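To start, the structure under review is shown below, and the notes come after it.
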Amino acid sequence: MLETLRSIVQEVNVAKDLNSALATVVERVQLALDTNACAVYLFDNNLQKFILRAEVGLGPAANSDANLAFSEGLVGLVGSRAEPINIENASDYPDYHYYPGTGKDKYYSFLGVPVIHHRNVLGVLVAHGKESYKFDEEAEAFLITLASQLAVVLVHAEATGAIKETEPASTRQVVKFEGVAGANGIAIGEVVVAYPLADLSAVPDRNSEDVGEEIKLFKAALANVKSDIKDVSAKLSEELGLEERALFDVYTRILDDSAIGGEIEETIRQGQWAQGALREVILRHIQVFEKMEDPYLRERASDIRDLGRRILSYLQKTQRSRTEFPEQVILIGDELTPANLGEVPPRSLVGLVSIRGSKNSHISILARAMEIPVVVGAVDVPYLQMDGIEVIVDGYQGLVFPNPSNTLKQHFQRVIAEEQAMVRGLEALSELPATTQDGHHVPILVNTGLLSDVARSLQRGAQGVGLYRTEVPYMISDRFPSERQQANLYRQHLAAFVPNRVTMRTLDVGGDKDLPYFPIKEDNPFLGWRGIRITLDHPEIFLVQIRAMLKASEGLNNLRIMLPMISNVTEVDEALQYIRQAYNEVLQEGHAIEMPPVGVMIEVPAAVYQARELARRVDFLSVGSNDLTQYMLAVDRNNSSVADLYHSFHPAVLKALHYIVYMAHLENKLVSICGELAGDPRGTLLLMAMGYDELSMSASSILKAKSLIRSVTMSQAKLLLDEVLELHTAEEIEKRIDAVISEIGLAEIDTSV
Ligand code: PEP
Ligand code: MG
């Protein structure tokens, strides 16, 4: 069954359009289950009905009389219950819907399974038998598995416009793909697919502008490959006899007009560009050959793949760079890298989507610095079929909306306008302090990584750096930076903010932060070797970094050192020992440096419950709410499938945050927060009320936070805190804070649709 399933899925995935994909499904299911009939119904949003979209064995009348209302019939029941129904005798069932006039016998056995994507029932897949029997468990499992794959096909078809072309607008759903927010903001634009060269399966679909030209390019590439193979054959004439060399002729004949070459030309004529047509035809043939029983013929798959790659490489020589771009480009790629940014004119680039990657990937870091919205980890986006399609990128919520309807577009255009107006309105605040109406001042600091963050932070009035992610310069280097290189870089940061403090976090790699020259391969990287655990195991790396920080601070004395991922007091004691060692060394080398304050990040639950013991050992605590949320809720912060569960406003997280302040203050130590929560207006309000001494956030959040703090009183915020600490869910808490924020006339940008 597994093999059958795999081959159906493969066939469906290479189907030309949705109709042929659905026809394949029903035909193959009927065969696989050896049953009399099979059908697929898709849900029509407007009509609130399941519509028969493909069938085999039901007869023609079924097609005209099969519009089942959602609540009507067995099909409707499967859909509304969102679970399979497997019954022996459907006609006994009160909800049975018989197709009168089919001229055929009634169907008795019925197995219906819902086609669900992310909790959304998209359709129902049904198998019928004329005998009265119950489908066995294997058949049920088979259909359920197939339905889950079909769901992906349907969502892809919707996203790539395949449904749009064949369906009335009413049947279309709002398709959105979930990823993770890599950089805030909204962008609307046309997709340009970034794809690696010399990789057949990475070639995107693209409509050709000039069919004749594409055919010419293909023919030229083909001729080049044939001539290369002929050359090889000639070169081997001494080693090989005529008979063996005939193999080369067989090889090139695969490419003849009457064979694959002809099919590729035909596909170009249908509108694909040459590279896309080559990919489509070659992959289809590879699949056919790979399925053959005969091992000799199966081997031919690798010949075809090889020829395909050769032709592709010639095509890519002539079609390498794109010269025309849409005005607003959304660049999408499997794993975007900083180099991909150079493929698009900088002024046209409005948004990015990376299928793989995380909040901490280089692309996210750069995009935040450039203030371009990014969604990362959007693993379900069928990007190869999306070149030229209009999409909306919601970098606040980590969502991608392909082929948006006019209504959806208008909604997001309004959001963009609101956002621009808000930024313009806030510019005047950069010089003003973040002080509440009843005179409580909350220092706003900034999170930095690249030097380019510095100017913007100063412009917006940051009162220092609450988190300098020193791993960023390590990540964009090709080896560990030397002590001198680090010291130079750190000094630029310190000098830019003096006399304000710059909090430098010691190297925090591991988890999702990779150094290309220091690979760490683990099954569970977030629970593995990361942060302080690595640097304590590598004192040579740690000591060099601390020495560089200390030397950089000479004469400026505005350095603070911060330790990431602390989970016990021993780690702090050991790190402090190394810091003292480095300090003594640089003093002995003749530098006149003050011992900087040292702090600990509270990022794991264990550190929360030892906050007091930790505070006793150091000068300050700083909460990394991004990791703390991830570890408290057991939700990977970069996994889009569980993004719905990642809630910094979860009551348990808020209670932990409250507890940390209390413990730090019992020890008279300063406590700050540098996770994303501090820059979320809802978080700003609560954290200020909890008593956090400093809030550190990305530069883009500073003005909004100031505006909010300046519009409220501390007593208002405290009242709100007391109230939300009594609530039981993150949703209720967010709703309550939103209500207060809009009461004070500062409605936050709301992208929800
Ligand atoms: C955090 O975890 O909240 C934090 C600030 O560190 P990072 O996001 O760099 O892991
Ligand atoms: Mg962290």
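Annotations for the structure displayed:
- Residues that are over 16 Å from residue 389 (Cα atoms), open to solvent by 60 Å² or more (accessible area, probe 1.4 Å) and either under 22 Å from the mean Cα position of the chain (by Cα) or of a type in the set (Gly, Ala, Ser) (or both), drawn from segment 176-198: 184, 196, 198
- Segment 607-630, subset assigned to a helix (DSSP H, G or I) and among the hydrophobic types (A, V, I, L, M, F, W, C), residue nearest to ligand 2 (Cβ to nearest atom): 628
- Residue under evaluation residue 515, criteria (1) open to solvent by 70 Å² or more (accessible area, probe 1.4 Å); (2) away from ligand 1 (no atom under 14 Å from the Cβ), criterion not met: (1)
- Hey, residue 366 free of Cβ contacts under 8 Å to residues at least 24 places away in the same chain and of a type in the set (A, V, I, L, M, F, W, C) or not: no
For every residue, the table says whether it meets (1) assigned to a helix (DSSP H, G or I); (2) out of contact with any Phe, Trp or Tyr (no Cβ under 7 Å at 6 or more places or on another chain).
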site: 352; (1), (2): no, yes
site: 356; (1), (2): no, yes
site: 360; (1), (2): no, yes
site: 366; (1), (2): yes, yes
site: 369; (1), (2): yes, yes
site: 372; (1), (2): no, yes
site: 375; (1), (2): no, yes
site: 381; (1), (2): no, no
site: 388; (1), (2): no, yes
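- From the list 720, 654, 695, 703, the one residue that fits, being of a type outside the set (S, T, N, Q), assigned to a helix (DSSP H, G or I), open to solvent by less than 10 Å² (accessible area, probe 1.4 Å) and within 25 Å of residue 466 (Cα to Cα), is 654.
- Among the residues of segment 673-713, the ones that are within 20 Å of residue 659 (Cβ to Cβ), of a type in the set (Ser, Thr, Tyr) and away from ligand 2 (no atom under 16 Å from the Cβ) come to 2 in all.
- Total residues in segment 260-278 satisfying the condition of being outside any helix (DSSP H, G or I) and hydrophobic (A, V, I, L, M, F, W, C): the figure is 1.
- Segment 628-647, residues that are open to solvent by less than 20 Å² (accessible area, probe 1.4 Å) and within 15 Å of ligand 1 (Cβ to nearest atom): 628, 629, 630, 635
- Taking the conditions (1) open to solvent by less than 10 Å² (accessible area, probe 1.4 Å); (2) more than 16 Å from ligand 1 (Cβ to nearest atom) in turn, residue 625 satisfies each one other than (2).
- Whichever residue in segment 523-560 is open to solvent by less than 10 Å² (accessible area, probe 1.4 Å), within 16 Å of ligand 2 (Cβ to nearest atom) and not in a loop (DSSP other than H, G, I, E, B) and, among such residues, is nearest to residue 614 (Cα to Cα): 532
- If only residues of segment 667-676 that are at pLDDT 95 or above and on the phi < 0 side of the Ramachandran plot are counted, the one that is surrounded by the most Cβ atoms within 10 Å (Cβ to Cβ) is 673.
The values are calculated or read from the model by the stated rules, or taken from the named source; none is laboratory data. Everything numeric in this text was worked out from a predicted model, so none of it was measured. Glycine also receives a Cβ, built like all others from the backbone with ideal geometry; neighbour counts cover every protein chain displayed. Just the protein is used for accessible areas: all its heavy atoms, side chains included, with ligands, DNA and RNA removed. Shrake-Rupley method; radii C 1.70, N 1.55, O 1.52, S 1.80 Å.
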